[in-house]
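The structure is given below, and queries will be raised subsequently.
The values are calculated or read from the model by the stated rules, or taken from the named source; none is laboratory data. Every value quoted in this text rests on a predicted model; they were computed, and no experiment measured them. A quick note on method: Cβ atoms are made from the backbone with ideal geometry, for glycine too, and the neighbour counts reach across all protein chains shown.
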Protein chains: 2
Amino acid sequence: MEGLGWHIIAEVMGVEPKILNDSELLKNVLLDASTDANLTVLDIKVQRFSPQGVSILLVIAESHIAIHTWPEYGYAALDVFTCRDEESTWRAYNYIIKVLNPKNVQVMLVKRGLGVTTSVPNEEAISSSDILTEKTMASKEGLTIA
Amino acid sequence: MEGLGWHIIAEVMGVEPKILNDSELLKNVLLDASTDANLTVLDIKVQRFSPQGVSILLVIAESHIAIHTWPEYGYAALDVFTCRDEESTWRAYNYIIKVLNPKNVQVMLVKRGLGVTTSVPNEEAISSSDILTEKTMASKEGLTIA
């Protein structure tokens, strides 16, 4: 059945804590993985926590890559979600895992948007997909945006 | 078994296309859902595609919320991932779904980081988690960042 995206969800365990706490290294790993898999990077958000821990959200034209780390447990939650094809998704994922060098990984692939393409598309059906470059830093009353 | 996070993965179907193509509305929905669930918003990235389609990545202290839409199919891939607690995760999710008003949703909850807390924490074990505000807009040679 045809779907729209491939979403790898990985529990990455037994990773060296200093890797999981190195925001610069992790940022570069995600960027390099995207380049290697020929994905289109649009934006990246790197967040460090105290005393340890890193969250990185990489926005790609093909969806997103996210990693949240818990160095104290040697654990990272990794998501690689693309709508390019399955091969690219695994390629980006494998690149990241190779650098993280975990002792153990539990991984699953969720195909997103299964069956929805058989529904009747609306009048503006896509034939090609171009990217509008609009970035919005949200601010709303009562919310603090760091 | 104790885990670190709750990750809701939802296939949201039969949504009005104009909702799925309204980046402003979707941005506000995700922000309002976070406020309602008492999550800490750190950053938001809104990406519009041509001729249609929206991707929004909301970075929260507790992980992330992501939505990728295909208005032509009335479909959105929605992820709500928090490490606060299960209740907050569902609360944010339900808020979003209420606004999207889909005909059908296939949803699952994946508990992330199961069992890893039983491993011996390293010397810098977290007792509280503070947020360092460091935002990095990535740029690397050869990559175009929109």
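Within the range A:55-96, how many residues are more than 10 Å from chain B (Cβ to nearest Cβ), buried (at least 22 other Cβ atoms within 10 Å of the Cβ) and farther than 21 Å from B:His68 by Cα?
2
When only residues in the range B:34-60 that are part of a loop (DSSP other than H, G, I, E, B) and over 13 Å from the mean Cα position of the chain (by Cα) count, which is farthest from B:Leu78 (Cα to Cα)?
B:Pro51
Can you find, within the range B:8-51, the residue that is surrounded by the most Cβ atoms within 10 Å (Cβ to Cβ) among those that are over 20 Å from A:Leu58 (Cα atoms) and modelled with pLDDT under 95?
Only one residue tops the list, namely B:Pro51.
What tally of residues in the range A:73-122 results from selecting those that are outside any loop (DSSP other than H, G, I, E, B) and among the basic types (Lys, Arg)?
4
Please go through the range B:21-32 and pick out each residue that is in contact with a strand residue (DSSP E or B) (Cβ under 6 Å, 6 or more places away or on another chain) and more than 11 Å from B:Val99 (Cα to Cα).
Hits for the range B:21-32 are B:Ser23, B:Lys27.
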